[in-house]
Amino acid sequence: MILADAIASLESQFTVLGKKEFRGQTTLIVERHLIADICSVAKSQLGFDLLSNLCSVDNFGSEPRFEVVYELYSVEHNHSLRLKIAVSEDELEVPTVSAVWGGANWLEREVYDMMGIRFSGHPDLRRILMWEGYPFYPLRKDFPLAGRPSEVTGVAFTKAAPLEGGPYVTTPSPAGSREREPRSKRLE
């Protein structure tokens, strides 16, 4: 099946709120409550047999604040399609697609853990990276870069974690990476 035919088929069966083309990639913006049905049709009828990624975006300061992004891929036809849904801060719940693609299970858990977006109907929606009871969502843009103090002693930092020495934190300078990289200095 040609990608244009697959997109036309989805547009004929469902309400598409927007369509964007950028660098050869097509993005369909669809209604939040229909995402599981759209994904089911994309897999069973259009050959998108792989959910290559599922992630979220925090558009802090805009409404709707969040987006959930689904990257679909057809192995047989070698084409991809991106689906996006808008998620308001007032309604942080999205239907799960884990019944369509089993691999969505952990991806949805990560989005829940890092952004606080819940997936209704998910078979095991619990934190996957942070510990149960952690009160914050670290990938939200209003989460401070220096971290937040933790009430849980012995499990994690009891005070805000410093930024120095992180895996992607270097000191800006014209020097080479060996001189700028904090970890390389510890090896000497």
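The values are calculated or read from the model by the stated rules, or taken from the named source; none is laboratory data. Quantities reported herein were computed from a predicted structural model and do not represent experimental measurements. So basically every Cβ, Gly included, is an ideal-geometry build from the backbone, and we count neighbours across all protein chains shown.
The table below gives the values:
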item	result
Condition broken by N59, with the remaining ones in (1) within 28 Å of M130 (Cα to Cα); (2) of a type in the set (S, T, N, Q); (3) in contact with a Leu (Cβ under 7 Å, 6 or more places away or on another chain) satisfied	(3)
Residues of segment 119-137 satisfying the condition of being at pLDDT 90 or above and at negative phi	F119, S120, H122, P123, D124, L125, R126, R127, I128, L129, Y137
Matching entry among E89, E67 (being exposed (fewer than 15 other Cβ atoms within 10 Å of the Cβ) and of a type outside the set (S, T, N, Q))	E89
Which listed residue is under 13 Å from S80 (Cα atoms), in contact with a strand residue (DSSP E or B) (Cβ under 9 Å, 6 or more places away or on another chain) and modelled with pLDDT of 95 or more, from I2, I7, I38, I29	I7
Enumeration of residues in segment 98-149 that are small (G, A, S) and touching a strand residue (DSSP E or B) at 6+ places or on another chain (Cβ under 7 Å)	G103, A104, S120, G121
Answer residue from segment 36-45, given it is surrounded by fewer than 22 Cβ atoms within 10 Å (Cβ to Cβ) and touching a residue at least 12 places away in the same chain (Cβ under 8 Å) and is nearest to S98 (Cα to Cα) among those	A36
Residue list for segment 54-99, restricted to those being within 16 Å of L28 (Cβ to Cβ), in contact (Cβ under 8 Å) with a residue 40 or more places away in the chain and over 13 Å from the mean Cα position of the chain (by Cα)	S74, H79, S80, L81, V97
